[in-house]
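Visitor: Structure below; questions to follow.
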Amino acid sequence: MNKRVCIFCGANTGNSSEIIQQALVLCDLLVEAGYDLVYGGGETGLMGLCANRFIASGRAVIGIRPKKLIADENSHSGLTELIVVETMSDRKNKMIELSDFFIALPGGTGTLDEIIETYTLHKIGFINKPSGVLNTDGYYDGLKILLDKMDDKGFLKEAAKDLLVIADTPDALMSEMRLD
């Protein structure tokens, strides 16, 4: 079986061309390293851009969508496989099951929920699958500040905090997560 990366990201592209460009660079690096993609199954935003990049490179792309999202939004039509689930929790559980590691690109609260859950599961020992964040354009600077505050106030040990890799460039993220 091929190695699989799960990318959490927005169903919108946002308004930063740098975020879009760096997301595509990361996808290219992951494709070159031989990874297939697991993601939310959407066709729009960063989600769609990432899926298209993997598809165009001949990699397998598995989308996981709750029935409600299929009814409300278009799913990507070019997927290798679309897995339909009932709830967002079911979606995360299936993503965790199918993936070897997790990366968050910029996105909304759903993206934040997803990467925090995989990081927490890894931190407390329920999974042995690393999580990383691409901090393009300082998007996740606030998360870094919050994690530092948790450490400073005694709610998060530094060793546990360091399990979430936060890097400013795709190359640095790949290197720090040892994915190349």
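The values are calculated or read from the model by the stated rules, or taken from the named source; none is laboratory data. Predicted model, so just to flag it, every value in this text is computed and none were measured. When we count neighbours, we look across all protein chains shown, and the Cβ atoms used for this are built from the backbone with ideal geometry, even at glycine.
Visitor: Would you please list the contacts, defined by Cβ atoms under 6 Å and residues six or more apart or on different chains, that run from a residue in the stretch 23-51 that is of a type in the set (Lys, Arg) to a residue that is modelled with pLDDT under 95 and surrounded by 24 or more Cβ atoms within 10 Å (Cβ to Cβ)?
Guide: Filtered contacts from the stretch 23-51: no entries.
Visitor: Collect the residues in the stretch 123-180 that are among the basic types (Lys, Arg) and more than 15 Å from the chain's Cα centre (by Cα), keeping them in residue-number order. Walk me through how you get there before you give the answer.
Guide: Just the residues of the stretch 123-180 that are among the basic types (Lys, Arg), to begin with: 123, 129, 144, 149, 153, 157, 161, 178.
Those that are among the basic types (Lys, Arg) and more than 15 Å from the chain's Cα centre (by Cα): Lys123, Lys144, Lys149, Lys153, Lys157, Lys161, Arg178.
Visitor: Restricting the stretch 7-22 to residues that are in contact (Cβ under 8 Å) with a residue 40 or more places away in the chain and among the hydrophobic types (A, V, I, L, M, F, W, C), which is surrounded by the fewest Cβ atoms within 10 Å (Cβ to Cβ)? Steps first, please.
Guide: Looking only at the stretch 7-22, we keep the residues that are in contact (Cβ under 8 Å) with a residue 40 or more places away in the chain, and these are 7-12, 14, 16, 18-19, 22.
Still in the running and among the hydrophobic types (A, V, I, L, M, F, W, C): 7-9, 11, 19.
Numbers: Ile7: 28, Phe8: 28, Cys9: 29, Ala11: 18, Ile19: 21.
Once the filter is applied, the top-ranked residue is Ala11.
Visitor: Check Leu82 against each of (1) under 15 Å from the mean Cα position of the chain (by Cα); (2) more than 27 Å from Asp168 (Cα to Cα); (3) aliphatic (A, V, I, L, M) and name the one condition it does not meet.
Guide: With respect to (1) under 15 Å from the mean Cα position of the chain (by Cα); (2) more than 27 Å from Asp168 (Cα to Cα); (3) aliphatic (A, V, I, L, M), Leu82 is out only on (1).
Visitor: Can you tell me which residues in the stretch 147-180 are in a helix (DSSP H, G or I), within 20 Å of Phe102 (Cα to Cα) and not charged (D, E, K, R)? Before the answer, list the steps.
Guide: Keep residues of the stretch 147-180 that are in a helix (DSSP H, G or I), which gives 147-152, 158-161, 170-176.
Keeping just the survivors that are within 20 Å of Phe102 (Cα to Cα) gives 147, 159-161, 170-176.
Correct list: Leu147, Ala159, Ala160, Pro170, Ala172, Leu173, Met174, Ser175.
Visitor: Let me ask something additional. Which of the following residues is modelled with pLDDT of 95 or more and charged (D, E, K, R): Lys157, Lys123?
Guide: After applying the criteria, what remains is Lys123.
Visitor: Out of Gly107, Gly125, report the one residue that is more than 26 Å from Glu18 (Cβ to Cβ) and either touching a Ser or Thr at 6+ places or on another chain (Cβ under 8 Å) or assigned to a loop (DSSP other than H, G, I, E, B) (or both).
Guide: Within the list Gly107, Gly125, the selection yields Gly125.
Visitor: Every residue in the stretch 139-166 that is surrounded by fewer than 20 Cβ atoms within 10 Å (Cβ to Cβ) and touching a residue at least 12 places away in the same chain (Cβ under 8 Å), please. Quick ask: steps written out before the conclusion?
Guide: Residues of the stretch 139-166 that are surrounded by fewer than 20 Cβ atoms within 10 Å (Cβ to Cβ), as a first pass: 141-146, 148-163.
Within the stretch 139-166, Leu143, Lys144, Asp148, Ala160, Lys161, Leu163 meet the criteria.
Visitor: Then there's this: So which residues in the stretch 48-82 are closer than 18 Å to Gly34 by Cβ and part of a helix (DSSP H, G or I), if there are any at all?
Guide: Cys50, Ala51, Arg53, Phe54, Ile55, Ala56
Visitor: Then there's this: Yes or no: the stretch 61-71 includes at least one residue that is of a type outside the set (A, V, I, L, M) and within 11 Å of the chain's Cα centre (by Cα). Working first, answer last.
Guide: Of the stretch 61-71, the ones of a type outside the set (A, V, I, L, M) are 63, 65-68.
Within this subset, residues satisfying the condition of being within 11 Å of the chain's Cα centre (by Cα) are none.
No, the stretch 61-71 contains no residue that is of a type outside the set (A, V, I, L, M) and within 11 Å of the chain's Cα centre (by Cα).
Visitor: Here are the criteria: (1) over 14 Å from Gly10 (Cβ atoms); (2) of a type in the set (D, E, K, R); (3) in contact (Cβ under 8 Å) with a residue 60 or more places away in the chain. Tell me which single one Arg59 does not satisfy.
Guide: Every condition holds for Arg59 apart from (3).
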